[in-house]
Amino acid sequence: MNFIALIGALALTYYRPHQRPDWLKSVFLPYAHLLERNFNGGKRRHGLIAWLVGVFLPVLIVGFAYFVLLEINALLGILFGVVSLYLILRFSHFSQRAENIANALRDRNIDQARALLHQWEGAESANYTSAEVARISIETTLRRAHHGLFGPIFWFVLLGPAGALLYRLSHILQLEWPLEKTNPFHQFSHQVFEWLDWLPTRVTAGGFAVVGDFEDAVYCWRTQAEAWKDKAIGIILASGAGALGVRLGEPLAFRGILEFRPELGLGDEADADYVQSAVGLVWRVLVLMVSLLLLLTFAHWLGN
């Protein structure tokens, strides 16, 4: 049933894309900010309570509703899973945005490529070279594909719609509640997402290796990921860069200051073709995941 729900949600999202780039985030953010204003007393336990109310409570409701509907009628449960994933997954926009940037770079319209990247990533791209635009576009494609697609699918396979929602809401809180040395309120939400993302990160990186250049992907993963500021993101980007045969990372101007970013990957400098290749890499990993889920579903049916 998870396989049917996933295929239905992916098809629905592809043919009926969301009007907003991230519907779930736009709905959840006001609630997250309300929780922070009312629960942030500067203690770790306050962050725990806020996380339970903000994430665990909605997840519990979704999980209970899914279980009840499955007990009533399997078709109702599948439909609920399709609708839930349709609202949770970020599948509509990442490939289209990356392809638009790639097309602008091919047409040598650097100003348009910079504007598209700024709209997508919010990057200060006004002075980026074409190689820097391509590099950040690839990084954004790989990162967003993991957080908006592969990570939620992993937890959906394990826990149904509640698992996908748990991952997405935890990721949103991790982004919106940044760590502060003087305020431990946000520590719990960051710790929980680190736990939830540990295995999905390695599944995504492994998927990049399987469908791309395996040896280079594994080499970059093992030797370069540790140098990235966020190790989980470093694993995703290093594996993806190695699988594509492209160089990512490298220093980049941020708010007028040259920000150090270690080099990731091997091979050529990023360009429009590599942006398009990154989209193709994500699609191949998605096909791989769906195929594995199909095999598991068949095995389960045969076992019964």
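The values are calculated or read from the model by the stated rules, or taken from the named source; none is laboratory data. Keep in mind that what you see is a predicted model, and the values were worked out from it rather than measured. Neighbour counts run over all protein chains shown; Cβ positions are idealised from the backbone, glycine included. The accessibility values were calculated without ligands, DNA or RNA, using every heavy atom of the protein model including side chains. Shrake-Rupley method; radii C 1.70, N 1.55, O 1.52, S 1.80 Å.
Scanning the stretch 261-295 for residues that are surrounded by 15 or more Cβ atoms within 10 Å (Cβ to Cβ) and assigned to a strand (DSSP E or B) yields GLU263, LEU264. Set side by side, the residues PHE3, PHE80 differ, and just one is open to solvent by 20 Å² or more (accessible area, probe 1.4 Å), at pLDDT below 90 and touching a helix residue (DSSP H, G or I) at 6+ places or on another chain (Cβ under 6 Å), which is PHE3.
Selection of the stretch 91-133 for residues being open to solvent by less than 60 Å² (accessible area, probe 1.4 Å) and touching a Leu at 6+ places or on another chain (Cβ under 8 Å) yields PHE91, PHE94, ILE101, ALA104, ALA113, ALA123, SER125, TYR128, GLU132, VAL133. If you go through the stretch 211-239 and pick out every residue that is over 16 Å from ALA145 (Cα atoms) and β-branched (Val, Ile, Thr), you end up with 2. For the stretch 27-55, a residue qualifies if it is free of Cβ contacts under 8 Å to residues at least 40 places away in the same chain and open to solvent by 50 Å² or more (accessible area, probe 1.4 Å), and the qualifying residues are VAL27, PRO30, TYR31, LEU34, ARG37, ASN38, ARG45, ILE49, LEU52. Restricting the first residue to the stretch 154-176 and requiring it to be of a type in the set (Asp, Glu), which pairs with a second residue that is part of a helix (DSSP H, G or I) meet a Cβ separation below 6 Å and a spacing of at least six or different chains? Taking only residues 6 or more apart or on different chains, the pairs are GLU176/ALA32.
Apart from one condition, TRP198 fits all of (1) more than 17 Å from VAL287 (Cβ to Cβ); (2) at pLDDT below 95; the exception is (2). In this structure, GLY245 does satisfy being touching an Asp or Glu at 6+ places or on another chain (Cβ under 8 Å), over 30 Å from GLY54 (Cα atoms) and open to solvent by 10 Å² or more (accessible area, probe 1.4 Å). None of ALA225, ALA217 is at pLDDT 95 or above and either open to solvent by less than 60 Å² (accessible area, probe 1.4 Å) or of a type outside the set (S, T, N, Q) (or both) except ALA217.
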